[in-house]
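Enquirer: My questions will all concern the structure given below.
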Amino acid sequence: MITQKNPPISLDPTPTGLDPGELFPCPWEARVSPDAEKARRHTLGWLTRFGIITGERQRGYVDAMRLDLYAARVAPYLRGAELELFCNWIVFTTQLDDHLSTDQPSTIAPLVHDLVAVLDHDDPHCLPAAPGPFLRAWADLWKRCQHIPQPWRRQLADLWAQWAEAYLTEARLRAGRLWPSIDRQRQLVRITSAALPFPRLSDHLAGLHVPDRLLNSHHVTGMRMLVPDHTMAVNDVYSADREAAEGDHLNAVFITEHEWGCSREEAVRAVADRARETLQHYQHLESSLFLAAQALDATSAEQDQLTDMARHLRHWFSGNLAWHQHDTHRYATGIQQLATPHAL
């Protein structure tokens, strides 16, 4: 949906020629849920039923991204209906991301307002008259999460609200042709990546509800924040060639190139270096998680919960990387985004 009606920031569209697969080592083997194919079929049908997919051409475009494999890789422990719901969320928010990524804040502000209203009221029936397909699908997803107990559902709602509202910030940056700093962009993509609500959602769907005093501790918060730092570094490197061709400058590679005054290749390597440092930091925090749990007076059962949480977070590092390397066409140059459904 990025329109760039004003002259876009000039980006060199020349590919770097670097192989991203050589830039991101990962110590953990990627796994895939055995129910991935079933979730794939269910999600395509669900998107069609809600009008997100409106024809065979669009169905093929969405399916070729293989976001079902993304869901099945980052949460390989989910099965059946839980994986289907998680896959619905993953594929839906990716389609919504395409339509919220714009340089015209006023065009998306009403939809963002309505999305957040569903969460703030905690009511999937809180819809305006004649809601569009995205809003109806969003309400359906939230309704199907009503079994998640409080306070975790409220916390999840807050994360999703922050995710939706952050697109207005990105739109204003594009509209003003503004360059955020590397650190500011990192903070922003921690939100727009959805890599904060999604691990929480997958844990809840697996029946894992870590108590607040542990989940919100400095140690565990640090571990969770490293997930979007790594996943989006991978994403930005893999998507750089396509986004350069589209003129979308809100990518860590281009921001590093601009801020450091370096070459595109040097910027790519710098982003990959930060991803490796992030992974090493995560490994350090995970190795000391038991001591942190003891300091927080965690019971034996709570320590087991933290162990499961850390195991689940590992899948985000390995699964996200494997999907970018092997599964998707989403960031290939020459792939044209399809039109937005008429009613948002």
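The values are calculated or read from the model by the stated rules, or taken from the named source; none is laboratory data. Please read all numbers here as calculations on a predicted model, not as lab measurements. Ideal geometry is used to build each Cβ from the backbone, glycine not excepted, and the neighbour counts take in all protein chains shown. Protein only, heavy atoms only, side chains kept; ligands, DNA and RNA dropped before computing areas. Shrake-Rupley method; radii C 1.70, N 1.55, O 1.52, S 1.80 Å.
Enquirer: For the stretch 254-262, indicate whether the set of residues that are in contact (Cβ under 8 Å) with a residue 24 or more places away in the chain, out of contact with any Gly (no Cβ under 9 Å at 6 or more places or on another chain) and polar (S, T, N, Q) is non-empty. It would help to see each step written out before you state the result.
Expert: If we filter the stretch 254-262 for residues that are in contact (Cβ under 8 Å) with a residue 24 or more places away in the chain, which is where we start, we get 254-256, 258-259.
Now drop any that are not out of contact with any Gly (no Cβ under 9 Å at 6 or more places or on another chain), which leaves 254-256, 258-259.
The next check asks that each one be polar (S, T, N, Q); those that pass are 256.
Among the residues of the stretch 254-262, at least one is in contact (Cβ under 8 Å) with a residue 24 or more places away in the chain, out of contact with any Gly (no Cβ under 9 Å at 6 or more places or on another chain) and polar (S, T, N, Q), which makes the answer yes.
Enquirer: Answer with yes or no whether residue 308 is over 18 Å from residue 321 (Cβ atoms), among the charged types (D, E, K, R) and modelled with pLDDT of 95 or more. So that I can check it myself, show each step before the final result.
Expert: Values: over 18 Å from residue 321 (Cβ atoms): yes; among the charged types (D, E, K, R): yes; modelled with pLDDT of 95 or more: yes.
So residue 308 fits the description; yes.
Enquirer: Going through the stretch 285-334 one residue at a time, which ones are open to solvent by 60 Å² or more (accessible area, probe 1.4 Å), in a loop (DSSP other than H, G, I, E, B) and of a type in the set (Gly, Ala, Ser)?
Expert: Across the stretch 285-334, the qualifying residue is only 334.
Enquirer: I'd like the residue in the stretch 221-235 that is open to solvent by 10 Å² or more (accessible area, probe 1.4 Å) and free of Cβ contacts under 8 Å to residues at least 40 places away in the same chain and, out of all such residues, is farthest from residue 288 (Cα to Cα).
Expert: 225
Enquirer: Please pick out the residue among 240, 194, 252 that is within 22 Å of residue 150 (Cα to Cα), buried (at least 22 other Cβ atoms within 10 Å of the Cβ) and within 18 Å of the chain's Cα centre (by Cα).
Expert: Of the residues listed, the single one that is within 22 Å of residue 150 (Cα to Cα), buried (at least 22 other Cβ atoms within 10 Å of the Cβ) and within 18 Å of the chain's Cα centre (by Cα) is 194.
Enquirer: Which one of these does residue 17 not meet: (1) open to solvent by 60 Å² or more (accessible area, probe 1.4 Å); (2) at pLDDT below 95; (3) at negative phi; (4) small (Gly, Ala, Ser)?
Expert: (3)
Enquirer: Are any residues in the stretch 97-114 surrounded by fewer than 23 Cβ atoms within 10 Å (Cβ to Cβ) and hydrophobic (A, V, I, L, M, F, W, C), and if so, which ones?
Expert: 108, 109, 111, 112
Enquirer: Specify which of the listed residues (119, 44, 83, 96) is in contact with a helix residue (DSSP H, G or I) (Cβ under 7 Å, 6 or more places away or on another chain), over 20 Å from residue 156 (Cβ atoms) and in a helix (DSSP H, G or I).
Expert: Unique residue meeting the criteria: 44.
Enquirer: Which ones in the stretch 126-160 are outside any loop (DSSP other than H, G, I, E, B) and open to solvent by less than 10 Å² (accessible area, probe 1.4 Å)?
Expert: Across the stretch 126-160, the qualifying residues are 134, 135, 137, 138, 139, 141, 142, 156, 157, 160.
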